[in-house]
There are 4 protein chains.
Amino acid sequence: MTASSPTALRVTVWNEFRHERHSKEVQAHYPEGIHTTIANFLREADLNVRTATLDEPEHGLTQEVLDATDVLIWWGHMAHGEVRDEIVERVYARVLDGMGLVVLHSGHFSKIFRKLMGTTCDLKWRESGDRERLWVVAPGHPIAEGLGDYFEIEHEEMYGEHFDIPAPETLVFISWFTGGEVFRSGACYTRGRGKIFYFRPGHETLPTYHHSDVQRVIVNAVNWAAPTPGKPRVFGNTPALEGNN
Amino acid sequence: MTASSPTALRVTVWNEFRHERHSKEVQAHYPEGIHTTIANFLREADLNVRTATLDEPEHGLTQEVLDATDVLIWWGHMAHGEVRDEIVERVYARVLDGMGLVVLHSGHFSKIFRKLMGTTCDLKWRESGDRERLWVVAPGHPIAEGLGDYFEIEHEEMYGEHFDIPAPETLVFISWFTGGEVFRSGACYTRGRGKIFYFRPGHETLPTYHHSDVQRVIVNAVNWAAPTPGKPRVFGNTPALEGNN
Amino acid sequence: MTASSPTALRVTVWNEFRHERHSKEVQAHYPEGIHTTIANFLREADLNVRTATLDEPEHGLTQEVLDATDVLIWWGHMAHGEVRDEIVERVYARVLDGMGLVVLHSGHFSKIFRKLMGTTCDLKWRESGDRERLWVVAPGHPIAEGLGDYFEIEHEEMYGEHFDIPAPETLVFISWFTGGEVFRSGACYTRGRGKIFYFRPGHETLPTYHHSDVQRVIVNAVNWAAPTPGKPRVFGNTPALEGNN
Amino acid sequence: MTASSPTALRVTVWNEFRHERHSKEVQAHYPEGIHTTIANFLREADLNVRTATLDEPEHGLTQEVLDATDVLIWWGHMAHGEVRDEIVERVYARVLDGMGLVVLHSGHFSKIFRKLMGTTCDLKWRESGDRERLWVVAPGHPIAEGLGDYFEIEHEEMYGEHFDIPAPETLVFISWFTGGEVFRSGACYTRGRGKIFYFRPGHETLPTYHHSDVQRVIVNAVNWAAPTPGKPRVFGNTPALEGNN
């Protein structure tokens, strides 16, 4: 691990961290957990990274940690229901206040993502090792930086439409799957002052987070989702600015 | 009241109906409640209208009522917190399943609107009798049917930006206020199969719902928000459609 | 042909009509031209339909015809360059004034579509008889009325991303192709008061316009693209509405 | 003028530069031309800036200049028609290829902006010295960096809705004017790989470009519109990626 610069973005990688402790198949790819793999390649991109997991006190997401987080990455799957509502509210408030949020793969069903979307975030799925080809449909978007027309993942879990999300503000990727489905795989949103990116790949039994283009997209997404400095928003009862009424 | 045609859209006008029972100022404009005024002009537009209010059993929104509702109109203000969560979930499920929802004025803070938006829906406000001028910024949109460049409301409560909503899929109106503020006053969204329209005007102490252009917009919005017939969406584990994987 | 009702939408189906006169392969599917096939199924949907083709005087698009057209359908391919610029300007002015426009398949490269989009509208293509599966990603949209999660076309020309268009205001369909590509196949836009829908399928050597779901989508699109009545927009130098400056 | 860093963004400020040579009123604010004022504050933001004007050979926009430009700023008003079509095509090609474009004030009627928008870009206007208050409606967007809820310009030319543009991909600012109008004053678009920002303020007879928040927004917009590195897009006939058709 190299030291990041003092002005580096501060990233917290949150992982449920359950599969990795119980499944040898998952351990084979992520012996120290998915969060550690992600944290490692983010550090190589000169980001200031810490990790947090479900079974830590307050899921590792104390107010202090969140206040010191510019962008939060979220991976969860089998234990969405165990994430406590008051922690979800805490993350939610920080997103509206400007913290970026990058939601990965099965995080589509996390409490925080569903709360921010206002929909069920349901989808079709199949664990069949389809090839996934992610086509870039917004080639000028910062999250597509460095990519060509598409990139491929040899084997992945399939996610298929209809994906029950609001229409993305920007749709960056559309996935093609061998079995005949498509999926909106890279979707940008704004909620309050916060930027949100959903990125589809990342099944726990496959080496997806070791894929160089997947890593590139996540690094790009972190940089894109960085908070925008500005004065706090003002709400509530307000006097007139013009005097003639 | 005229009988609507058998194929007329079925509209339920929901009103909190508290202000009207306690305030002579409000009664002066809406002696039978805001919902009755709205229902009356919707019936003149050949819509099949019923009403429902907070203090009825299940807030008047039984499963049977919602299943027989194509478009739900929502007005609430002082008692958002009294709307029971299970009724909110029931309305939410129907919206995702295709029922249209038209949220009026102070309904911006209702549980159902905030849940569908994924944001606080907070804003600035002032009860100062500003003039409001609603400018049409999407003149080809069905909700602007019959309007010119703008219409005016002589006196209204001011709502000002920043309005903490997701960027509208279509922004139809922007309001100008005497006191110096602007507001995104007509905003279209889709959640699941359901269409949602937020429309700003309608303070309870003012005769806004007797204004012909306000009525026109609400009628237009109901027609726009009508459900789109189609087969149910399918989610979950799914076999491959193509055989080669 | 049945008579349409007096209030039926007036549709003009424009076709280049060159392939059909020279190719037996095309004639096999469209003996009277693609425009005639399209006009026939539109008439069955109670629309008031006429046709126009490139080699008629003024390409069949006189000012009188356009003034009496609510929605124009456009199919062209080998002779885009022969469409005269003044006719393109005439169609353009009518779209901005509210006439709907449905652009089909190879019409992506037409002068009128490129002018309205502001981009090259270029794409990848392959005449290889791929299967095309169109997934519905906006199931609540009127253009998806009556459809399920997807529909299939047994053989079609492939169009692949990147499709150089502005991000659609609403993306209704995404196509999957056997050969590994995806495509944004149903895209909604507004320009001025006019609604525009681009719909991908329809290669001249294939029976695509005899496919019931393709026909359904085109009928839906015509209804969606109908003009919105309203007062003319006002531009230019304007006096102040408020007196205090 | 300070030297910019070797990695600084390369900005070309294009100005029609006619008003400033003939009007003492304009000279009072911009003695060396609007382009020089803009170039000066961009240089203070560590950008690598050059200028170009209409009456230079090729309007100062040779292929070499454009190839060495990351973001182009455009101010024009009285001589839009004198900009040669082949130069417009050259700029257009560079935008689609990724060069950013920031269009200021009366540049709404420039050939390049209208070509990229696909609409007339017409609007209402009045030279009456209204106060303009620009409200931030996308507070998390990079172009709003450093701002509060709004900023004011003491006197400006009024531009009013309806503004005949496509719905912005992101709407950043809405202007309020004393005389009763509103305007979508900060609008983001993507065309091809290029990012485009339209920013309303900047009448030639007023000191608008000396206003610190106006300068801040233009600096923010240049940084936002910077090209996204990536491989060239591929179009045209393409072989199948999957072997089974």
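The values are calculated or read from the model by the stated rules, or taken from the named source; none is laboratory data. What you are looking at is a predicted structure, and each value in this text was computed from that prediction instead of being measured. In this analysis, Cβ positions are derived from the backbone assuming ideal geometry, glycine residues included, and neighbour counts consider all displayed protein chains. Accessible surface is based on the protein model in full, side chains and every heavy atom, while ligands, DNA and RNA are left aside. Shrake-Rupley method; radii C 1.70, N 1.55, O 1.52, S 1.80 Å.
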Out of A:100, A:160, A:76, A:148, report the one residue that is within 28 Å of residue D:194 (Cα to Cα), open to solvent by less than 10 Å² (accessible area, probe 1.4 Å) and either facing another protein chain (nearest Cβ under 7 Å) or in contact (Cβ under 8 Å) with a residue 40 or more places away in the chain (or both).
-> A:100
Filtering region C:166-180 for residues that are open to solvent by less than 10 Å² (accessible area, probe 1.4 Å) and either among the basic types (Lys, Arg) or more than 7 Å from every other protein chain (Cβ to nearest Cβ) (or both) leaves a count of 4
Given (1) within 11 Å of chain B (Cβ to nearest Cβ); (2) aliphatic (A, V, I, L, M); (3) under 28 Å from residue D:230 (Cα atoms), number of the condition residue A:137 does not satisfy | (1)
For residue A:202, indicate whether it is in a loop (DSSP other than H, G, I, E, B) and modelled with pLDDT under 95.
-> no
Taking residue B:132 as the residue in question, decide whether it is part of a loop (DSSP other than H, G, I, E, B) and more than 7 Å from every other protein chain (Cβ to nearest Cβ).
-> no
In region B:190-204, how many are away from chain C (no Cβ under 14 Å) and in contact with a strand residue (DSSP E or B) (Cβ under 8 Å, 6 or more places away or on another chain)?
-> 6
Can you spot a residue in region A:85-93 that is buried (at least 19 other Cβ atoms within 10 Å of the Cβ) and in a loop (DSSP other than H, G, I, E, B)?
-> no
Take residue A:108 and decide whether it is in a strand (DSSP E or B) and of a type outside the set (Val, Ile, Thr).
-> no
Looking only at region A:110-118, decide whether some residue is polar (S, T, N, Q) and open to solvent by 10 Å² or more (accessible area, probe 1.4 Å).
-> no
Listed residues B:151, B:113, B:109; which is modelled with pLDDT of 95 or more and out of contact with any strand residue (DSSP E or B) (no Cβ under 9 Å at 6 or more places or on another chain)?
-> B:109
When every residue in region D:207-237 that is within 14 Å of chain C (Cβ to nearest Cβ) and in contact with a helix residue (DSSP H, G or I) (Cβ under 8 Å, 6 or more places away or on another chain) is compared, the one modelled with the highest pLDDT is D:228
Residue that is most open to solvent (accessible area, probe 1.4 Å), among those in region B:27-57 that are assigned to a helix (DSSP H, G or I) and farther than 19 Å from residue B:212 by Cα | B:57
Looking at region B:170-187, is at least one residue under 20 Å from residue D:133 (Cα atoms) and basic (Lys, Arg)?
-> yes
Meets criteria (within 15 Å of the chain's Cα centre (by Cα) and under 26 Å from residue D:172 (Cβ atoms)) for residue B:221 = no
Name the residue, out of B:28, B:45, B:68, that is touching a Lys or Arg at 6+ places or on another chain (Cβ under 8 Å), at pLDDT 95 or above and over 19 Å from residue B:109 (Cα atoms).
-> B:68
Counting only residues in region C:117-129 that are of a type outside the set (A, V, I, L, M, F, W, C) and outside any loop (DSSP other than H, G, I, E, B), the one farthest from the other protein chains (Cβ to nearest Cβ) is identified as C:127
Hits in region B:205-240 (condition: buried (at least 16 other Cβ atoms within 10 Å of the Cβ) and assigned to a loop (DSSP other than H, G, I, E, B)) | B:205, B:206, B:211, B:225, B:226, B:227, B:228, B:230, B:233, B:235, B:238, B:240
